[in-house]
Amino acid sequence: DSCLLDPSTLNTTASAPEHPLTPVSVSPPRTSSPSGSMPPTSERDLLLAAVNKLENTRQSELTELLMSPPKCERAMGLFNIEVLCAKLADAKMVLNSDDGEEEQKLSDTQSTKSAPQPPSIPVTPWAK
């Protein structure tokens, strides 16, 4: 009890260090994320995760197409689901048109291979 009423104790403040050269509080530098276990994630990984939530097939191809616009457009897709859905629809259209062209090329080459070619006869102009 006598310690609480001692005038020398009342004159010292709680924030004053015992040794003047010692800092009052030392906090370690912050080097990790708040959760501690999450490694830094790349923009590609974030886009892939978003695409995986919305699409069941061709996620990696769609993600590659979504990585082609400028960074600000990609960021808009990550923060706005409506923008991402619109970009996904565009990317799927591109992939489907590529598939259509490949199928067309395949059917063209197959039809030319399967159809018999007439013998090449030299064409001469008609005499007048």
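The values are calculated or read from the model by the stated rules, or taken from the named source; none is laboratory data. Source: prediction; values computed, not measured. Every residue, glycine as well, gets a Cβ built from its backbone with ideal geometry; the counts of neighbours run over all protein chains shown. Quick note on the areas: whole protein, heavy atoms, side chains included, nothing else; ligands and nucleic acids left out. Shrake-Rupley method; radii C 1.70, N 1.55, O 1.52, S 1.80 Å.
A compact table of results
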| quantity | calculated |
| --- | --- |
| Net charge of neighbours whose Cβ lies under 12 Å from the Cβ of residue 61, counting Lys and Arg as +1 and Asp and Glu as -1 | -2 |
| Sorted largest first, extent of region 40-94 alpha carbons per principal axis (Å) | 28, 19, 18 |
| Difference of contour (0.36 nm per residue) and Cα-Cα distance, residue 93 to residue 45 | 15.0 nm |
| Solvent exposure ordering (accessible area, 1.4 Å, most first) of 51, 94 | 94, 51 |
| Full-extension gain in nm, residue 54 to residue 75, via 0.36 nm per residue minus C-alpha separation | 5.9 nm |
